[in-house]
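> Take this structure, written in structure tokens, and hold onto it; I'll ask about it next.
The values are calculated or read from the model by the stated rules, or taken from the named source; none is laboratory data. Everything quoted here is computed from the prediction, not taken from an experiment. Cβ placement follows ideal geometry from the backbone for every residue including glycine, while neighbour counts extend to all protein chains displayed. All accessible areas refer to the heavy atoms of the entire protein, side chains included, with ligands and DNA or RNA removed. Shrake-Rupley method; radii C 1.70, N 1.55, O 1.52, S 1.80 Å.
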Amino acid sequence: MGNTNFSDKILWYLRTPALRGGTWVAQLVKYPTSAQSLYFGGNRWRNTQAATQVVLNVPETRVTRLDNGLRVASEDSGLSTCTRARETQNRKQAPGSEPSAQSLTRGSTHGPRDRDLAEVGRLTDCATQVPRSSTFLNLLVLRNVLSIHSTVEILADIIQNSTLGEAEIERERGVILREMQEVETNLQEVVFDYLHATAYQNTALGRTILGPTENIKSINRKDLVDYITTHYKGPRIVLAAAGGVSHDELLELAKFHFGDSLSTHKGEIPALPPCKFTGSEIRVRDDKMPLAHLAIAVEAVGWAHPDTICLMVANTLIGNWDRSFGGGMNLSSKLAQLTCHGNLCHSFQSFNTSYTDTGLWGIYMVCEPATIADMLHVVQKEWMRLCTSVTESEVARAKNLLKTNMLLQLDGSTPICEDIGRQMLCYNRRIPIPELEARIDAVNAEIIQEVCTKYIYDKSPALAAVGPIEQLPDFNQIRSNMCWLHD
């Protein structure tokens, strides 16, 4: 394959002060054809060794920091699909400023630049992302390697020279208000908004992603300009690329288009405000709803904390389940076995959400009104088992599943590029796959019990529930069951 057949992807990540989010994602490894017979015949162990060798041969992620603090990161994997995205990460701004940034991005990609984008590729719509790790994401699919020059130029123009016209702002204001109506129909998002609101009361993480309606209606061009001047600074920006892209070429383009301009934004980068976790609850009872939706979580740790990997393994041990799953009592997750056997819920999903210096570790479930108490009892009992009697075989299974899921999340240059940008913002480096696997392999049952006892046992949880929740136990009873549960 010649160089002219390669497509490139450019991924912009813009880090603004209010960020605390980030869900850990690892890189996918494309196994060779021979590895497809991994579980067949005498090739089983030989192909396992071949897969390990492929992991070690993943191209290096090269990183360079410009004088103004902007980081350029790329992986030249030779993959044919390339994408550009820009992600804004937010926490410190006043409520409603995040949709302002979203309005800015959407408005700035209209007008004369539409023709330029059509010449180099295709720009998809913006999308607000959850959890509060990224405000929006733009994807630009490039046709060939020559488009990288035009693409970086367009990105620079959008970031630094947006017109912020009144017509564009009004149009995006209406789009965001319609999005708010759509979010209100998604009960899972509603529950997680309530969960953050009660867990991080009176802090930035307790706010919804889109902000209050009054702020969206009142925001103006001056607010957007102030936002850009305060937050769009070199140290908060990562220019990431994956595919058939030359790092040296990308670096020269970054220096030309961003080397001096971002330095004109004077002033110190605002510090992240503390976000204190509070064990508490929000109940929204509506007996007209057919099912109860609830989430319960304890305070976890930030993405760079040493205990993050252990909590990820513990999260995998709990797992997820819904009624469409087969397997019955043969499911690997103990909680799934109990749930299936007792018909306790329609579905459940464990989660481990990390921010800069805090996080939420818990479970979201959808239950019949009559089974809420029993389901919550079983969940807390399983949490206590993680703290006291989890076995080595369960931990080994969870570690293998965690590594597999991490690798399979990335299936091309687009997710690889997103992973580069995300890890650069979270860790200021790209963690190599062998290092990640070694950190996961170092976890054992004793460590799981120790870490779960530290963050789960006898800790006050945050709880959010919506729907017919009359049978939901009192918060004091839920809190007391975080110590020990008796059948």
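> Please count how many residues of segment 63-90 are under 23 Å from the mean Cα position of the chain (by Cα) and at pLDDT 70 or above.
7
> (1) under 30 Å from residue 447 (Cα atoms); (2) over 19 Å from the mean Cα position of the chain (by Cα); (3) acidic (Asp, Glu): which one isn't true of residue 299, the others all being true?
Failed condition: (2).
> On to the next question. Output the qualifying pairs, or none if there are none: Cβ atoms under 9 angstrom, residues six or more apart or on different chains, first residue in segment 466-486 and β-branched (Val, Ile, Thr), second residue in a loop (DSSP other than H, G, I, E, B).
466/286; 466/289; 469/286; 469/287; 478/461; 478/472
> Restricting attention to segment 395-413, which residues are surrounded by fewer than 15 Cβ atoms within 10 Å (Cβ to Cβ), of a type outside the set (A, V, I, L, M, F, W, C) and in a helix (DSSP H, G or I)?
Scanning segment 395-413 gives 400, 404, 405.
> Mind listing whichever residues of segment 323-342 are surrounded by fewer than 20 Cβ atoms within 10 Å (Cβ to Cβ) and modelled with pLDDT of 90 or more?
Answer for segment 323-342, where residues must be surrounded by fewer than 20 Cβ atoms within 10 Å (Cβ to Cβ) and modelled with pLDDT of 90 or more: 334, 337, 338.
> Looking at (1) in contact with a helix residue (DSSP H, G or I) (Cβ under 8 Å, 6 or more places away or on another chain); (2) over 30 Å from residue 300 (Cα atoms), find the lone condition where residue 183 falls short.
Going through the list (1) in contact with a helix residue (DSSP H, G or I) (Cβ under 8 Å, 6 or more places away or on another chain); (2) over 30 Å from residue 300 (Cα atoms), residue 183 breaks only (2).
> Show the residue pairs that are 6+ apart or on different chains and have beta-carbon atoms under 6 Å apart, the first residue being within segment 147-167 and over 20 Å from residue 226 (Cα atoms), the second being in a helix (DSSP H, G or I) and β-branched (Val, Ile, Thr).
Partner pairs satisfying both residue conditions: 147/120; 150/120; 151/120.
> May I pose another question? With respect to residue 385, is the statement that it is in the same structural domain as residue 322 (by the TED database), on the phi < 0 side of the Ramachandran plot and touching a strand residue (DSSP E or B) at 6+ places or on another chain (Cβ under 9 Å) true?
Criteria not met by residue 385.
> Another question, if that's okay. Scan (1) touching a helix residue (DSSP H, G or I) at 6+ places or on another chain (Cβ under 9 Å); (2) farther than 21 Å from residue 441 by Cα for the single condition residue 326 breaks and write down its number.
(1)
> Follow-up. Checking the condition more than 23 Å from the chain's Cα centre (by Cα), surrounded by fewer than 21 Cβ atoms within 10 Å (Cβ to Cβ) and assigned to a helix (DSSP H, G or I), which residue from 447, 440 passes?
Working: 440 fails: more than 23 Å from the chain's Cα centre (by Cα).
Matching residue, one of 447, 440: 447.
> Here is a further query. Identify, by number, the condition in (1) surrounded by 15 or more Cβ atoms within 10 Å (Cβ to Cβ); (2) assigned by the TED database to the domain that holds residue 457; (3) in contact (Cβ under 8 Å) with a residue 60 or more places away in the chain that residue 275 doesn't meet.
So the condition that residue 275 fails would be (2).
> Oh, and also: Of all residues in segment 229-245, count the ones that are under 22 Å from the mean Cα position of the chain (by Cα) and open to solvent by 10 Å² or more (accessible area, probe 1.4 Å).
3
Residue by residue, here is whether (1) outside the structural domain of residue 301 (by the TED database); (2) β-branched (Val, Ile, Thr); (3) closer than 30 Å to residue 297 by Cβ holds:
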site	(1), (2), (3)
194	yes, no, yes
209	yes, yes, yes
232	yes, no, no
236	yes, no, yes
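> One residue is enough: does segment 419-429 have a residue meeting the conditions out of contact with any Pro (no Cβ under 6 Å at 6 or more places or on another chain), charged (D, E, K, R), in a helix (DSSP H, G or I) and modelled with pLDDT under 90?
yes
> Would you pick out the residues in segment 184-219 that are among the β-branched types (Val, Ile, Thr), in a helix (DSSP H, G or I) and without any contact (Cβ under 8 Å) to a residue 40 or more places away in the chain?
Answer for segment 184-219, where residues must be among the β-branched types (Val, Ile, Thr), in a helix (DSSP H, G or I) and without any contact (Cβ under 8 Å) to a residue 40 or more places away in the chain: just 213.
> From the residues in segment 294-322 that are assigned to a strand (DSSP E or B) and open to solvent by 20 Å² or more (accessible area, probe 1.4 Å), which one is farthest from residue 342 (Cα to Cα)?
Filtering first and then ranking leaves 299.
> Does segment 454-472 include one or more residues that are at pLDDT below 90, open to solvent by 20 Å² or more (accessible area, probe 1.4 Å), in the same structural domain as residue 308 (by the TED database) and farther than 22 Å from residue 319 by Cα? So that I can check it myself, show each step before the final result.
Let us first name the residues in segment 454-472 that are at pLDDT below 90, namely none.
Within segment 454-472, none of the residues are at pLDDT below 90, open to solvent by 20 Å² or more (accessible area, probe 1.4 Å), in the same structural domain as residue 308 (by the TED database) and farther than 22 Å from residue 319 by Cα.
> Right, next: Can you confirm whether residue 209 is buried (at least 20 other Cβ atoms within 10 Å of the Cβ) and more than 17 Å from the chain's Cα centre (by Cα)?
no
> A further question on this structure: Could you grab me the full set of residues in segment 347-375 that are outside any loop (DSSP other than H, G, I, E, B) and out of contact with any strand residue (DSSP E or B) (no Cβ under 8 Å at 6 or more places or on another chain)?
370, 371, 373, 374 - these are the residues of segment 347-375 that are outside any loop (DSSP other than H, G, I, E, B) and out of contact with any strand residue (DSSP E or B) (no Cβ under 8 Å at 6 or more places or on another chain).
> Looking at (1) open to solvent by less than 40 Å² (accessible area, probe 1.4 Å); (2) more than 26 Å from the chain's Cα centre (by Cα), find the lone condition where residue 361 falls short.
(2)
> Then there's this: Looking at residue 196 and the list (1) open to solvent by 40 Å² or more (accessible area, probe 1.4 Å); (2) more than 28 Å from residue 151 (Cα to Cα), which single condition is not satisfied?
Exception for residue 196: condition (1).
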